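First up is the structure itself, then whatever we jot down about it.
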Amino acid sequence: MLEKTPQSIKDVALRDPSASASHFGFSSIPRNVASGSVVTFVVFAYCLSFSALIFSGPLAPGLHYGVVSALVSAAAGCLLVPLLSTIPVAIAGPDTPPVAVLAAMAFGISQSLGMDAGPTPVIGTVVLALALTTLITGFTLYMIGYFRLATWMRFIPYPVIAGFLAASGWFLATGAYRVMTGDDFALSDLHSTFSDRNLPLWGAGLGFAVVLALLRRAISSSLVVPLALFVAFILVLAGIHLGGYSLDEARAAGWLFEAPPGKFMALPWGAVSLSALQPAVFLSLVPEMLAVAVVTAMAILLNATGYEVSQHTNVDLDSEMRASGVANLFAAGGGGIVANLSYNRSLLNLSAGATGPMSATVCGLLCLALVFTGPSIIGFVAAPILGGLLFYLGAAVLQTWVVRFFRRIGWSDYLLILAILFLIVKFGYLA
């Protein structure tokens, strides 16, 4: 468990100049570099998972664009948010609730456009839609903070927030199957689900999710997830080698992602062809883009409030909204996806030894470096393991906002949560 401090690090520095020198001076550089490096591994793992969720199924050929989009957003979030935030150890990047909505939107685009003309035009449309969503979200968040409306968000009924976030957990959990196998889950096609190809894939992913849940219950350290991921990746690669299979055979069987072409990762704009874009598609997506902005604002509200409670400090919600807004505006320019303040990664940063924004700066610079280090690493990542992580995250969200609330609130409020969850899953966030 993390030690709870009686006040924020920033308060200590403001009240005690000597504390400022020790926490934020040159003596703290090694600690911040170390903590930033640890957090980078976690951030990269989440970037891989979230991009695999968005660019899954028919959109899988564009996975490398998704990875770059996520890394660009993580870099913008880590470099800008801590400088503008009231949380000096803040880590921001792609997070569960907005990504779940983005994945549903991307999947809807692929279904509405079809893949008859090939994946390239559809992937370009998805990339542009994601960037526009990030731009709209950034502008919306900044305006909320600029006009000091964030405080009023505390008065949003809790069941409404719970219903919105529970829906994001549902989309994560159900989308995990598509990441594990490359196919969509359908009750009418259980033969495919239990086929010789798909059963081992989603079985391995589900097994990893169960192991991860047990480890998190037994060990409170925030390093459990990254270490479990690393060990699982090594075990899959070892199993492929010991089984006598080549990497190409493993990729063909769905165990590893396809390595993108080229020596370096290309910015997502390389997938966009203006001649193939359909303005009507983007007009129809505006309500969903606004829904992403609303869900992101709710996520920031809850993450900032959670940090307040855990660290016994005060957070300026309007500053947090403006900080994430600026980060998203910059991320949109690089084709990035939506980013926001992350509660878990910020606490991980603190527990790893961060004393100020320097740690997040290190993480942001390393994320940028990963963009240019070459795409080959994607070809060694086990798809079922990332799918298992997504299933674990989705199940954890559902447990938090649906299962745990069963005995904590009145039946009318609980039915409202279930009603909002059902409406969003059945008819989308606009309904």
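Just to check your reading of the model, which residue among V122, V179 is at pLDDT below 90 and in contact with a Ser or Thr (Cβ under 6 Å, 6 or more places away or on another chain)?
V122
How many residues are among the small types (G, A, S) and free of Cβ contacts under 8 Å to residues at least 60 places away in the same chain if we restrict to segment 285-332?
The initial filter retains those residues of segment 285-332 that are among the small types (G, A, S), namely 291, 293, 297, 299, 304, 306, 310, 319, 323-325, 327, 331-332.
Add one more test, that the residue is free of Cβ contacts under 8 Å to residues at least 60 places away in the same chain, and what stays is 306.
Of the residues in that region, 1 qualify.
Being of a type outside the set (K, R) and more than 27 Å from I337 (Cα to Cα) is true for just one of G203, G145, G182. Which residue is that?
Just a single option satisfies the conditions, and that option is G203.
Within segment 316-344, which residues are surrounded by 22 or more Cβ atoms within 10 Å (Cβ to Cβ) and outside any helix (DSSP H, G or I)?
Within segment 316-344, G335, G336, I337, V338, A339, N340, L341, S342 meet the criteria.
When segment 352-374 is examined, which residues are found to be farther than 15 Å from P82 by Cβ and among the aliphatic types (A, V, I, L, M)?
Across segment 352-374, the qualifying residues are L368, A369, L370, V371.
Among the numbered conditions (1) among the aromatic types (F, W, Y); (2) modelled with pLDDT of 85 or more; (3) closer than 28 Å to L285 by Cβ, tell me where Y429 comes up short.
If we test Y429 against (1) among the aromatic types (F, W, Y); (2) modelled with pLDDT of 85 or more; (3) closer than 28 Å to L285 by Cβ, just (2) comes out false.
Out of curiosity, is A162 of a type in the set (G, A, S), part of a helix (DSSP H, G or I) and either within 27 Å of L421 (Cα to Cα) or open to solvent by 30 Å² or more (accessible area, probe 1.4 Å) (or both)?
yes
Quick one: in segment 70-87, of everything that is open to solvent by less than 10 Å² (accessible area, probe 1.4 Å) and of a type in the set (V, I, T), which residue is nearest to G145 (Cα to Cα)?
Going through the qualifying residues, I end up with V81.
For segment 204-215, does any single residue satisfy the condition of being surrounded by fewer than 14 Cβ atoms within 10 Å (Cβ to Cβ) and in contact with a Ser or Thr (Cβ under 9 Å, 6 or more places away or on another chain)?
No; the residues of segment 204-215 include none that is surrounded by fewer than 14 Cβ atoms within 10 Å (Cβ to Cβ) and in contact with a Ser or Thr (Cβ under 9 Å, 6 or more places away or on another chain).
Can you find a residue in segment 79-86 that is under 28 Å from A176 (Cβ atoms), in contact (Cβ under 8 Å) with a residue 24 or more places away in the chain and in a helix (DSSP H, G or I)? Lay out the reasoning, then the answer.
Here is the first cut: in segment 79-86, the residues under 28 Å from A176 (Cβ atoms) are 81.
Among the residues that remain, those that are also in contact (Cβ under 8 Å) with a residue 24 or more places away in the chain are: 81.
Subset that is in a helix (DSSP H, G or I): 81.
Yes, some residue in segment 79-86 is under 28 Å from A176 (Cβ atoms), in contact (Cβ under 8 Å) with a residue 24 or more places away in the chain and in a helix (DSSP H, G or I).
Evaluate segment 96-118: report whether one residue or more is farther than 30 Å from Q399 by Cβ, open to solvent by less than 50 Å² (accessible area, probe 1.4 Å) and outside any helix (DSSP H, G or I).
yes
Give the residue, chosen from M153, M143, that is more than 28 Å from V425 (Cβ to Cβ), among the aliphatic types (A, V, I, L, M) and open to solvent by 10 Å² or more (accessible area, probe 1.4 Å). Spell out how you get there, then give the answer.
Values: M153 fails: more than 28 Å from V425 (Cβ to Cβ).
Sole residue among the options that is more than 28 Å from V425 (Cβ to Cβ), among the aliphatic types (A, V, I, L, M) and open to solvent by 10 Å² or more (accessible area, probe 1.4 Å): M143.
Determine which single condition I136 fails, assuming it passes every other condition in (1) at pLDDT below 95; (2) crowded, with 16+ Cβ neighbours inside 10 Å.
Of the numbered conditions (1) at pLDDT below 95; (2) crowded, with 16+ Cβ neighbours inside 10 Å, the odd one out for I136 is (1).
Just to be sure, is L398 touching a helix residue (DSSP H, G or I) at 6+ places or on another chain (Cβ under 8 Å), open to solvent by 20 Å² or more (accessible area, probe 1.4 Å), within 21 Å of S69 (Cβ to Cβ) and not in a loop (DSSP other than H, G, I, E, B)?
Against the criterion (touching a helix residue (DSSP H, G or I) at 6+ places or on another chain (Cβ under 8 Å), open to solvent by 20 Å² or more (accessible area, probe 1.4 Å), within 21 Å of S69 (Cβ to Cβ) and not in a loop (DSSP other than H, G, I, E, B)), L398 does not qualify.
All but one of (1) farther than 19 Å from L53 by Cβ; (2) part of a helix (DSSP H, G or I) hold for S168; which doesn't?
(1)
Do you know which of the residues in segment 175-202 that are in contact (Cβ under 8 Å) with a residue 40 or more places away in the chain and of a type in the set (G, A, S) is farthest from G388 (Cα to Cα)?
Across segment 175-202, the extreme among qualifying residues is G182.
So, in segment 373-393, exactly how many residues are under 14 Å from the mean Cα position of the chain (by Cα) and more than 12 Å from G205 (Cβ to Cβ)?
Here the count works out to 1.
Out of S346, S359, S319, report the one residue that is under 17 Å from the mean Cα position of the chain (by Cα) and of a type in the set (S, T, N, Q).
Among S346, S359, S319, only S346 is under 17 Å from the mean Cα position of the chain (by Cα) and of a type in the set (S, T, N, Q).
Which ones in segment 216-237 are within 23 Å of Y177 (Cα to Cα), among the aliphatic types (A, V, I, L, M), open to solvent by 40 Å² or more (accessible area, probe 1.4 Å) and without any contact (Cβ under 8 Å) to a residue 24 or more places away in the chain?
L227, V231, I234, L235
Inside segment 178-196, can you point out the residues that are part of a helix (DSSP H, G or I) and open to solvent by 80 Å² or more (accessible area, probe 1.4 Å)?
The initial filter retains those residues of segment 178-196 that are part of a helix (DSSP H, G or I), namely 178-181, 187-193.
Within segment 178-196, L187, S188, H191 meet the criteria.
Does segment 376-390 contain at least one residue that is in a loop (DSSP other than H, G, I, E, B) and modelled with pLDDT under 90?
yes
The values are calculated or read from the model by the stated rules, or taken from the named source; none is laboratory data. Quantities reported herein were computed from a predicted structural model and do not represent experimental measurements. Heads up, the Cβs are rebuilt from the backbone with ideal geometry, glycines too, and the neighbour counts pull from every protein chain shown. In case anyone asks, the SASA skips ligands and DNA or RNA and just uses the protein heavy atoms, side chains included. Shrake-Rupley method; radii C 1.70, N 1.55, O 1.52, S 1.80 Å.
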